[in-house]
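Presented below is the structure to which this report refers.
Nothing in this text is a laboratory measurement; each read-out follows from the coordinates by a stated rule. Just so it is clear, the model here is predicted, and its values are computed rather than measured. All Cβ positions, glycine included, derive from the backbone under ideal geometry; neighbour counts span all protein chains shown.
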There are 2 protein chains.
Amino acid sequence: MKISGARTSKEIKLINEKKEKLKSFLREKGLKSTRQRDVIASEFLKTGEHVTAEELYREISKKYNDIGFTTVYRTLKLLNKSGLATERVFADHLTRYEPLSADDHHDHLICMKCGSITEFEDLKIERLQERVAEEFSFLSVSHKMEIYGYCNKCKDNA
Amino acid sequence: MKISGARTSKEIKLINEKKEKLKSFLREKGLKSTRQRDVIASEFLKTGEHVTAEELYREISKKYNDIGFTTVYRTLKLLNKSGLATERVFADHLTRYEPLSADDHHDHLICMKCGSITEFEDLKIERLQERVAEEFSFLSVSHKMEIYGYCNKCKDNA
DNA sequence: AGCCTAATTGAAAATGAATTTCAATTTCCT
DNA sequence: AGGAAATTGAAATTCATTTTCAATTAGGCT
């Protein structure tokens, strides 16, 4: 999990934009900006990965000892509602969150041995999905696609 | 849930073939054929739907009052291992099972309002998925794809 | 700056699906 | 039929998720 480390100024700018978006969302809904929400959003946006509430909580606990699991859990739900995160459930049944940008529609390759999750995006597949939905007169809102198997590292040992 | 009702002789034949396949699997593994397993497999294969263990248990309870939930649960796991069922988790986090034929690779359209699940199959998408896997030197075993949105009935009321 | 109300926090409890335990029962091999 | 091994089902357990509730905090309003 990539929590900290060097970051380009572009990445930092994006994160700050997202944090502003969260603040607007809170103001709009009459909710409050708190230190906890700020810390959790920052750490979450920095990970860029598919974290569970538990994982993010443990990571945050290393730096802050006064932020509880429940708050991390609730803040992730909040980020989801505000459009900054998506909630996903893979085959292990755990709820994972990942930062979401408006125009990003990626899918996942999931290694059944080491559990690594690799993202990919394929516009042709997207278009075919839209066509399928049309065919069934279905109004598509979102989709998910996962390919399960063995990653490059694990397939040799399997 | 389509549990009973008129069935073509072709459907009946297919179900019987699958039940034979289960028996071979049990024999092969040194496991036992029991009345419960037979009833559960029959009812499950007849549904042809995406049932949870709970749903199938309730359905079976209408006819049989001596088959427990645990046995239904365990038999579904067994059917999964024997290749007669697949286990799937959709966005509601529940584990669902559906009868599986060797050459059937379908995906799902899931209505976010009424919860209806429609199957579809698209060979072009399949091929593109394989191509993506190759690109990442990933050995693909299975995939799942779900399109979430509103079905024909629900989209008008939404 | 202080007040006040509503929102937030976090520990603990509750929920609920999935899984395991265990004693009684059943299968099926010999 | 006899016996070892597998199966069953009720109940207990596990574990992630969600809710509860009393104490705390944010931020609009004087």
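Couple of notes before you dig in:
- Residues being more than 15 Å from A:Leu139 (Cα to Cα), of a type in the set (A, V, I, L, M, F, W, C) and at the interface with chain A (Cβ under 7 Å from one of its Cβ atoms) - total across the range B:121-158: 9
- Subset of the range A:102-120 [in contact (Cβ under 8 Å) with a residue 40 or more places away in the chain, touching a helix residue (DSSP H, G or I) at 6+ places or on another chain (Cβ under 8 Å) and more than 11 Å from chain B (Cβ to nearest Cβ)]: A:Cys114
- Only one of B:Thr75, B:Thr71, B:Thr34 that is loosely packed, with under 14 Cβ neighbours inside 10 Å and within 10 Å of DNA strand D (Cβ to nearest atom): B:Thr34
- The number of residues in the range A:69-124 being under 27 Å from A:Gly149 (Cα atoms) and touching a Pro at 6+ places or on another chain (Cβ under 8 Å) comes to 1.
- Residue ID - nearest to B:Leu78 (Cα to Cα), chosen from residues in the range B:14-24 that are under 18 Å from the mean Cα position of the chain (by Cα) and not acidic (Asp, Glu): B:Leu22
- Any hit, the range B:92-99, residues being within 28 Å of A:Glu87 (Cα to Cα), surrounded by fewer than 14 Cβ atoms within 10 Å (Cβ to Cβ) and under 22 Å from the mean Cα position of the chain (by Cα): yes
- Some residue of the range B:84-94 being more than 11 Å from chain A (Cβ to nearest Cβ) and in contact with a Lys or Arg (Cβ under 8 Å, 6 or more places away or on another chain): yes
- Pair list, Cβ under 8 Å, 6 or more apart: the range A:40-60 residue farther than 13 Å from A:Lys18 by Cβ and in a loop (DSSP other than H, G, I, E, B), other residue of a type in the set (Lys, Arg) and away from DNA strand C (no atom under 15 Å from the Cβ): A:Glu49/A:Lys2; A:His50/A:Arg88; A:His50/A:Arg96
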